[in-house]
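Every number here is computed from the coordinates shown, using simple stated rules; none is lab data. Because the structure is predicted, anything quoted here is derived from the model rather than measured. Glycine gets a Cβ as well: all are built from the backbone with ideal geometry, and neighbour counts include every protein chain shown.
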Amino acid sequence: VTAAGVARLRIAVVALVGLLVEATLGPDLRVMGIGPDLSLLLAICAGMTGGPEAGALVGFGVGLLADLALATTPIGLTALSWCLVGFGVGLLRANVTLDHRSALAVVAFVATLTGIVAFLVIGALVGQSQLSGLSHGYLLRAGLIESLWNALLAIPVGWVYERAGRGSAGAVALRRPDRDGGW
Amino acid sequence: VGPSRSRSRPSYILAVLVLAAVTLITLDVRGHGNATLRHGRDHAHDALSSVQSAVHDGLRPIGNFLTGAADYGSVRAQNTELRQEVAASRLAQDKAAYDQVQADQVLQLSHIPFAAEYRTVVADVTGQSSSNFDEAVTIGKGASSGIAVGEPVITSSGLAGQISGVSAGTATVTLVTNPQLVVGVGLPGGNVGSAQSLGPGEGLDVTVIATAKPPPDLQRGAVLYTSAVGRAFPPGIPVATVSSVVKAAGVQEPAVTASPLAATTDLSYVTILLWLPQ
């Protein structure tokens, strides 16, 4: 088994554990009725660690698993939205120098907001009335609190993900000669 | 050729993934819940529901213990044995209080006046959606208990939602706080309307559909009940109380908002009316 294969396995385990934590403890972490979205955060971390390809693949995978746990939105909607966000974050990571660790929190905040907008817009395009019927007040509250949650969790989740992804093809490609991986 | 192919690979993968996701969405939306996808989702809900129950059961004693420990600052100087004794007794007390609350909820659900004429099933809520855009819960009873899609779900306060998915041992309830659920309500003067959520914590938007003249004279605090019109719900179930009525100049029907009567944020038990839409 190659180092990249082991890294892929570690990433799969981190993603599964993250999704289980979200499904079991997520509802208890709500502030003003809004909780974090670990599946989206995993897609963001994948893009930051492994670039656009890893971001898209992990975003699609965790999004699809999250879709299976949801009840009222079509399967594939979260997968599509998170895949696009992971790809976008990966592109940013590959083309812009983001050396400071706190950059991840900022990226997580902006990318979470973008992900929510993508989810709502694509959902409305495929006729999901429960998404287009939400009031502006709720959308603002959900967007801000969820993004703040994800920005807060980005540092610890990113730290775990970075270690899991060490040795993966994307992480190796992004590694700078003056640093031993990471951002 | 090498670097160019390497640069285009992520775009190629993205295109394949987008195509796969769009195909899944199309199958699910246009195929009205494609059977394979539906079964996959049912199995995922069953599995998640078991894990969620187990995790919550496992964490409750730890939470109670931590709560007890947090309240314990004033007796820090006492010996370890005494501390453990107090913590254990507090744990037992918390457990008894918790059991009492659960028993009271089940007792309340078995004596709901507006459900008296229907056959009912009481079920525990085993899972909650972790998404902020999916107002639904999973309950621990399903088709094997006679539950079917479309049946109303109530608490002792009023309408909580509607069954939107069923497997053998579990069912999914779309909550009244989900904008997907539109409830027909009766209004004063023989008028009818529809109530639809604006999002969790944002209340219900009541659209007045005047079928009689004059338009309804609604007052703040009035209780809205399900209407027989539309036949999606049995009539007479309390849904919400009117929280605001705004009459704009030149518009006959007032703009009405209402607050759901059933508290959906912390549901433990619900009652399902074994009544199918007509």
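List of remarks:
- Exposure proxy ranking for B:167, B:11, B:53, based on other Cβ atoms within 10 angstrom of each Cβ and starting from the fewest, stands as B:11, B:53, B:167.
- The residues neighbouring residue A:135, those whose beta-carbon lies less than 15 Å from its own, together hold a net charge of -2 under the Lys/Arg +1, Asp/Glu -1 convention.
- Choice from B:13, B:147, B:163 with maximal GNM fluctuation in chain B (Cα, 10 Å cutoff): B:13
- With neighbour counts taken as other beta-carbon atoms within 10 Å, the residues B:275, A:149 rank, fewest first, as B:275, A:149.
- The residues packed around residue B:138, meaning those with a beta-carbon under 12 Å from its beta-carbon, carry a net charge of -2 if Lys and Arg are +1 and Asp and Glu are -1.
- Counts of other chain beta carbons within 10 angstrom of each beta carbon in peptide A:77-87 average 4.
- With a 10 Å cut-off around each Cβ of A:16-28, the average count of Cβ atoms from other chains is 5.
- Length released on extending from residue B:23 to residue B:263, taking residue separation times 0.36 nm less the Cα-Cα span: 82.7 nm
- Gained length - residue B:12 relative to residue B:116, 0.36 nm times residue gap less alpha-carbon distance: 31.4 nm
- Partner chain coverage, peptide A:55-62 - average Cβ within 10 angstrom: 3
- With contributions of -39500 (n - 2.57) from each DSSP H run of at least four residues, the per-residue ellipticity at 222 nm computed over chain B stands at -12500 deg cm²/dmol.
- For the stretch B:102-235: rounded, prolate or oblate by the Cα gyration tensor [a/c cutoff 1.5]: prolate
- For the stretch B:174-278, a simple Cβ point-charge model (Lys and Arg +1, Asp and Glu -1, everything else neutral) yields a dipole of about 240 debye relative to the Cα centre.
- Computed label-point distance, nm, for sites residue A:152 and residue B:274 using a 7 Å Cα→Cβ extension: 4.6 nm
- The protein assembly as shown - Debye-derived log10 I(q)/I(0), Cα point model, q = 0.13, 0.14 Å⁻¹: -1.19, -1.29
- Label-to-label distance, nm, for residues given as residue A:1 and residue A:21 (7 Å Cα→Cβ offset): 2.2 nm
- Mean residue ellipticity, 222 nm, helices only, chain A: the sum of -39500 (n - 2.57) across DSSP H runs of n ≥ 4, divided by residue count and rounded to 500, is -26000 deg cm²/dmol.
- By the beta-carbon count within 10 Å of each Cβ, the least crowded to most crowded order of B:141, B:247, fewest first, is B:247, B:141.
- Chain B shape via C-alpha gyration tensor axes, a/c threshold 1.5: oblate
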